[in-house]
1. How many residues, within region 96-110, are part of a helix (DSSP H, G or I) and surrounded by 13 or more Cβ atoms within 10 Å (Cβ to Cβ)?
2. Given the conditions (1) surrounded by fewer than 18 Cβ atoms within 10 Å (Cβ to Cβ); (2) more than 34 Å from the chain's Cα centre (by Cα); (3) touching a residue at least 12 places away in the same chain (Cβ under 8 Å), which single one is not true for residue 154?
3. State all residues of region 190-208 that are in a strand (DSSP E or B) and over 20 Å from residue 289 (Cα atoms); if no residue qualifies, say none.
4. Hand me the list of strands (runs of 3 or more DSSP E) wholly inside region 210-298 holding 2 or more residues that are modelled with pLDDT of 95 or more and under 31 Å from the mean Cα position of the chain (by Cα).
5. Would you confirm whether any residue within region 185-196 is touching a strand residue (DSSP E or B) at 6+ places or on another chain (Cβ under 7 Å), more than 30 Å from residue 275 (Cβ to Cβ) and surrounded by fewer than 14 Cβ atoms within 10 Å (Cβ to Cβ)?
6. Given the conditions (1) loosely packed, with under 12 Cβ neighbours inside 10 Å; (2) assigned to a helix (DSSP H, G or I), report the number of the one that residue 129 does not fulfil.
7. Output the number of the condition that residue 116 fails; it satisfies all remaining conditions of (1) at positive phi; (2) assigned to a helix (DSSP H, G or I).
8. Restricting to region 47-74, what's the tally of residues that are touching a residue at least 60 places away in the same chain (Cβ under 8 Å) and outside any strand (DSSP E or B)?
């Protein structure tokens with residue numbers, strides 16, 4: 001062991017040769033060493049629709065905010081489809097909101113009813129003054145007018161269904177257009193680009209890799225025989241690391257996860273969430289780095 005530096009041994013075989021909690025502070029707080037800095041959020045951002053990238057606004061190393069536009073896949077046809085869908089929706093709801101046919105049918109029914117009653121009153125005063133066939137024809141006209149009222153009302157119901165369909169089509173067209181605008185899902189740094197502007201992309205094809213550095217995880221191990229899980233969860237931590245030129249820095253965090261499962265030699269994983277700091281346009285903590293984590297029990 002003396003011939004191999006501990007860090008190299010750790011990389012080769014993992015932290016099993018030497019218990020991770022062999023250190024404690026003078027007041028009994030556990031010290032996890034080594035602990036590893038890990039990424040909390042990272043993603044290969046894909047294209048959602050096929051087409052040519054007409055706008056690619058970021059480069060490797062760029063820092064972006066959530067919902068920033070990263071790229072645009074040719075959206076001219078999608079914009080035209082959305083415009084068509086909007087006009088179709090407007091026309092459909094216009095039909096729903098107009099009641100001309102229904103008002104005409106009611107007016108026709110009132111006239112037919114009045115005409116029928118006039119002839120029936122004439123027959124009541126002078127029997128046979130209006131032929132029975134004429135009375136029946138006018139009764140049929142009145143019935144037809146009533147059915148036209150019902151049909152006009154039903155037509156408006158069907159028109160409403162059609163308008164709702166047009167609304168859904170407009171929403172789908174808007175979604176298809178939005179899919180062509182690729183936005184950042186979280187704050188982060190662009191660490192890798194896979195395509196360039198004016199290149200063709202397919203749905204699901206990654207265009208860049210985004211990593212969040214302002215919040216990171218720090219993971220290590222404790223022995224179950226030394227500390228119970230309930231003692232550790234939610235406790236504040238101090239992360240210590242050595243930068244270039246032997247410069248020592250610290251950042252703070254909190255334990256957000258303690259594994260329920262035990263690993264070899266009765267160890268369990270502890271994970272802290274840490275607020276990273278940006279100094280001179282560089283993050284203090286870097287994923288993959290080895291640090292010292294002190295867990296403050298009190």
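1. The qualifying residues number 8.
2. Only one criterion is unmet by residue 154, namely (3).
3. Across region 190-208, the qualifying residues are 193, 200, 201, 206, 207, 208.
4. 215-223, 247-258, 267-275
5. yes
6. (2)
7. (1)
8. Residues meeting the conditions: 14.
The values are calculated or read from the model by the stated rules, or taken from the named source; none is laboratory data. Remember, predicted model here, so these are calculated numbers, not experimental data. Because the Cβ atoms are built from the backbone with ideal geometry, glycine has one as well, and the counts that use them run over all protein chains shown.
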